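Taken together, the values in this text are just the output of simple stated rules run on the coordinates, not laboratory data. Keep in mind the model is a prediction, meaning the values are calculated, not measured. Heads up, the Cβs are rebuilt from the backbone with ideal geometry, glycines too, and the neighbour counts pull from every protein chain shown.
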Amino acid sequence: MRVLCAVGSRGGPEMIRKLRAIMGAQHELLLLHVIDTGPRQSLDAFLRGPGSHHRPPPPLERERRVDEVEEFVAKTTLEEARQEAEQAGYTIHAEIQRGQAEKLIVQLAKDGGYQLIVIWSSEGAQGHPQIGPASIGRVARYVLDHAPCDVLMLREL
Amino acid sequence: MVHSALGILIFGLTLGAIMVRPYHISEAFAAAIGAVLMVLGRFLPPNEALRTLAGEWNIFGFFLGLMVISSVADQAGLFEFLAAQTGRLAKGSARRLFLGVFLVGALTTAFLSNDATALILTPAVYTLVTRLRLPVLPFMFACTFIADTASFLFPISNPINILFFNSLGSGLAVFLHYLLLPALFCMIINFSLFSFLFRHDLRRSYDVDSIPLEFSFDRAFFRFTVITLSVISIAYVLASAFQLPLSFVAMGGAIFLLIGSRRFVNWPRLRREISWSLFIFISGMFIVIKAIENLGFVSKFGFGLVNLARNSPAMAILITSMGTALGANLINNVPMALVMISALSSVGADGPVHQSLVYASILGCDLGPNLTTIGSLATMLWLLILRRKGLEISYIEYFKLGVVVVPVMVAVGALLIWLHW
């Protein structure tokens, strides 16, 4: 089965362990991490927003530093998941994308003909019990609503 | 009569253009056009316009000095250092880090003004929090909010305070007498409400080891900057205590800092980071407000406020602070501050009535922009919500931020000013 694993900023290895426990390791995985551009856009909007007459554009050095850190975190995150998946014996591809996480996940699942999307119920789920109303984050909810295939939602119980 | 109406019209159009910015003109351009029209329309003789500007040398010097100091501090790596140190001291708890960001934000605002926190500390914190794999929005909001909330700790914490201080000030002791307690209370309210609103996001922990140990900036440059900044901070406090022009400290400090670190400073970047248009904006506003002052409307407004304050002080303080907060939010806080200064100084009444209104205006002008900040961010988040049908509770909480937090802070601040009078 071709499985798309939406790896958030945390909980990658745990996701692979759960996946293996539920459906074994004979699958082809796409480990996808999306650098969400939303918060960065909010920051830019603030820095250049109303009342910004005295706000010169942010220096390039600073922009570059933020880019570097985002890339670094994305790579580390995927690497952690990749190691776990490799040990478990999965066939793996890994991919980093920039944009709106929920839309990209759905789009890639559609384009790549994936049969299953695996996702945490919310970014805050890992490490804390998250059950009950409002426990599903916006990314997971959108994916549930729009996915072209089955969705395996993981929760920390 | 027609002449007066024309003056009011120019004033209204200038404020409107600053607010709406038709054809994407800058605020500075709008203010400059307004000023030129005022002079051409003979609301203010050219020589009086020049005299007005010359009389505000302290403000211009302070702004310039402050921008240079902040930019050099940024180049020396001060803000990255502060963010990383906060990350280490918080020892892996997101909640402690949140408190740390509030404290560092308050400290930065207190001595380097609100813009340094909002514009330079915020991106540094953003980078740190991304590295720590924590949700960035709560920390970003913490930075941008504390920049305004802590901005009436000292006269130097917000250039708006200097505007008031320059024409109506009566020393650091009086400033602190009226505003220290409101500032502390507002900071506590701000922190408590945010901690509650973001409680789910802040339950996490992070790995302290993911904060890089190496310091990528020049150590000598950094040390020199930190020592100079400490001296400048003390000099600020002394200068405001003895009512010496604060521009002396800002400019003197900036020049000393630049000479001492001339080998390290990236000059083109420094030039880029100084916003020259700010000077045009303030100059334009000074002239427009002076012209309106000559028409006599502003003093009527001032007398009205003072009369109200004599009859019902609590009401007057509350109305002044809420009104200026709203005005600062609608038309930008510089023109709002200038209108209030002009109104209150033309009344000329001294004593506690006058003082408490001045400090109520400072409170409103400093806290008001928090609404704007959130106004723009909230609009964006609102669009996000409309776009994504999946609605998450925390997004609604963002709306609560500006709308709930600011009025509470203004009301409590006003109450404390009233208790002091």
Problem set entry | Cα-Cα pairs of the stretch B:11-126 separated by more than 23 Å (percent) | 54
Problem set entry | Radius, Kirkwood style, for the stretch B:277-335 when every pair of distinct Cα atoms is counted (Å) | 12.9
Exercise. All other residues with a Cβ under 15 Å from the Cβ of B:Asn329 taken together, and with Lys, Arg as +1 and Asp, Glu as -1, what is their net charge?
Worked result: -3
Exercise. Ranked highest first by the average count of other Cβ atoms within 10 Å around their residues, in what order do B:335-347, B:178-190 fall?
Worked result: B:335-347, B:178-190
Exercise. So what are the three principal axis dimensions of chain B from its Cα atoms, in whole Å, longest to shortest?
Worked result: 70, 52, 46
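I need B:Val288, B:Val334 ordered by Cβ neighbour count within 10 Å, fewest first.
By the 10 Å Cβ count, ascending, the order reads B:Val334, B:Val288.
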Problem set entry | Angle between chain B longest axis and helix B:333-347 axis [Cα atoms, degrees, rounded to 10] | 40
Problem set entry | Tensor-based shape of the stretch B:87-226 (alpha-carbon gyration tensor, a/c under 1.5 rounded, otherwise prolate or oblate) | oblate
Exercise. Which of the aspartates and glutamates could be linked to B:Lys290 by a straight reach, that is with a Cα gap under 13 Å, when you skip same-chain ones fewer than 8 residues away?
Worked result: B:Glu48, B:Glu56
For this session: Evaluate peptide B:131-141: per residue, the Cβ atoms of other protein chains within 10 Å of its Cβ; return the mean as an integer.
Result: 4
For this session: Among the trypsin sites (Lys or Arg not before Pro) in the stretch B:225-288, which ones are in a DSSP loop with at most 11 other Cβ atoms within 10 Å of the Cβ? Mind listing them?
Result: B:Arg262, B:Arg263
Problem set entry | chymotrypsin sites (Phe, Trp or Tyr not before Pro) restricted to DSSP loop in the stretch B:196-256 with at most 11 other C-beta within 10 Å | B:Phe242
Exercise. What is the projected area of the convex hull of the Cα atoms of the stretch B:166-216, averaged over all directions, in nm²?
Worked result: 7.5
Exercise. Stokes-Einstein at 37 °C, 0.692 mPa s, Kirkwood radius from Cα pairs: D for the stretch B:301-346 in µm² s⁻¹?
Worked result: 307
Problem set entry | Estimated translational D of the protein assembly as shown in µm²/s (Stokes, Kirkwood radius over Cα pairs; 20 °C; 1.002 mPa s) | 84
Exercise. Nearest 10 degrees, 0 to 90: what angle lies between the long axis of helix B:94-115 and the longest principal axis of chain B (Cα atoms)?
Worked result: 40
Exercise. Relative to the longest principal axis of chain B, what angle (0 to 90°, nearest 10) does the C-alpha long axis of helix B:219-241 take?
Worked result: 40
For this session: Would you mind counting up the charge near B:Leu295? Only other residues with Cβ under 15 Å from its Cβ, with Lys and Arg at +1 and Asp and Glu at -1.
Result: +1
Seminar exercise, completed: Neighbours of B:Ala220 by Cβ distance under 14 Å: Lys/Arg at +1, Asp/Glu at -1, summed charge +3
For this session: Could you work out which residue, out of B:Leu258, B:Leu107, B:Leu318, moves most in a Gaussian network model of chain B, that is, has the largest mean-square fluctuation with Cα springs under 10 Å?
Result: B:Leu258
